[in-house]
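Accompanying notes for the structure given below.
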Amino acid sequence: MNSYRDYTWDVVRGIGILMVVLGHCAPRPLVDFVYLFHMGLFFFVSGYFLKITDNGSFLENEKKYIKRKLRTLWLPFVIFTLFILGLQDFFVNHYMAETRYPGLEGVKMAIMVLGFKQVDNPILCPIWFLKSLFFSCILVYTIMLWIRKEKFRLLFFVALYAMVTVLQNLNFPLPTAIFRELTVTFIIYMGFVACKYKVVQKWGGALFGYFCFPFCC
């Protein structure tokens with residue numbers, strides 16, 4: 001059996017990584033431009049590879065999908081965070097972090113890391129993305145299992161995005177992470193739609209990118 005890998009999306013991921021780097025070191029006007037889409041791009045690509053068969057069922061059942069997300073998102077988060085936690089005293093001594101976790105407090109934090117708790121260390125700031133992608137992907141998968149008809153799915157995700165936007169503007173008391181996870185479900189779903197209807201191949205991504213652009217910031 002011949003296997004074919006489309007390297008287009010590897011290139012897209014690579015561009016996204018470069019955009020993240022630019023977003024942290026480029027001049028201000030370029031940073032403002034990059035921040036319009038750079039993280040949204042990764043969520044979009046994740047949705048693009050959310051595969052469903054012609055009869056509407058997922059290629060992976062719930063158990064297999066969650067296990068894969070645990071392996072590819074939760075496990076790297078836990079391993080890297082625990083590694084940094086073990087070196088936390090070193091970072092504090094060298095003024096690279098502020099919070100120590102001595103004795104039982106360190107054990108408690110290590111256990112909490114298993115639930116996606118982040119350690120107070122600037123080095124770990126970027127891995128919020130693993131936590132956010134994990135929960136938003138599980139949420140999208142659950143919603144799409146629950147709502148089978150595509151038009152109702154679209155209406156639901158648009159309504160969810162609109163509701164979250166309104167609540168944010170009203171300063172509704174919800175943690176930023178929850179707002180973020182709920183918001184990016186729409187971007188992940190748009191990635192799925194782009195794949196299903198071959199939007200990128202048909203339009204070169206121009207019109208679809210224009211449509212999604214405001215939602216990726």
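Quick notes on this one:
- As a proxy for reagent exposure, S136, S46 were ordered by neighbouring Cβ count within 10 angstrom, fewest first; the result is S46, S136.
- Answer label, with Kirkwood radius over Cα pairs in Å calculated from the coordinates and candidates [x] 17.4; [y] 18.3; [z] 19.3: [z]
- Kyte-Doolittle mean at least -0.5, axial Cα span of 24 Å or more - DSSP H helices of the chain: 8-25, 128-146, 150-169, 176-196
- Over all other residues within a Cβ to Cβ distance under 14 Å of L155, the charged ones net out to +3, with Lys and Arg as +1 and Asp and Glu as -1.
- Pairs over the 24 Å Cα-Cα cut-off, from the set K117/K196; K151/K196; K69/K151; K63/K151; K51/K198: K117/K196; K69/K151; K63/K151.
- Reducing region 164-202 and region 62-103 to their Cα centroids gives an inter-centroid distance of 26 Å.
- By the count of other C-beta atoms within 10 Å, a proxy for reagent exposure, F49, F179 are ordered fewest to most as F49, F179.
- Every helix of 4 or more DSSP H residues in the chain counts as -39500 (n - 2.57), and over all residues that averages to -21000 deg cm²/dmol at 222 nm.
- Cβ-to-Cβ counts within 10 Å put W9, W74, W146 in ascending order as W146, W9, W74, the fewest first.
Any read-out appearing in this document is the output of simple, stated calculations on the displayed coordinates, not a laboratory observation. Everything quoted here is computed from the prediction, not taken from an experiment. When we count neighbours, we look across all protein chains shown, and the Cβ atoms used for this are built from the backbone with ideal geometry, even at glycine.
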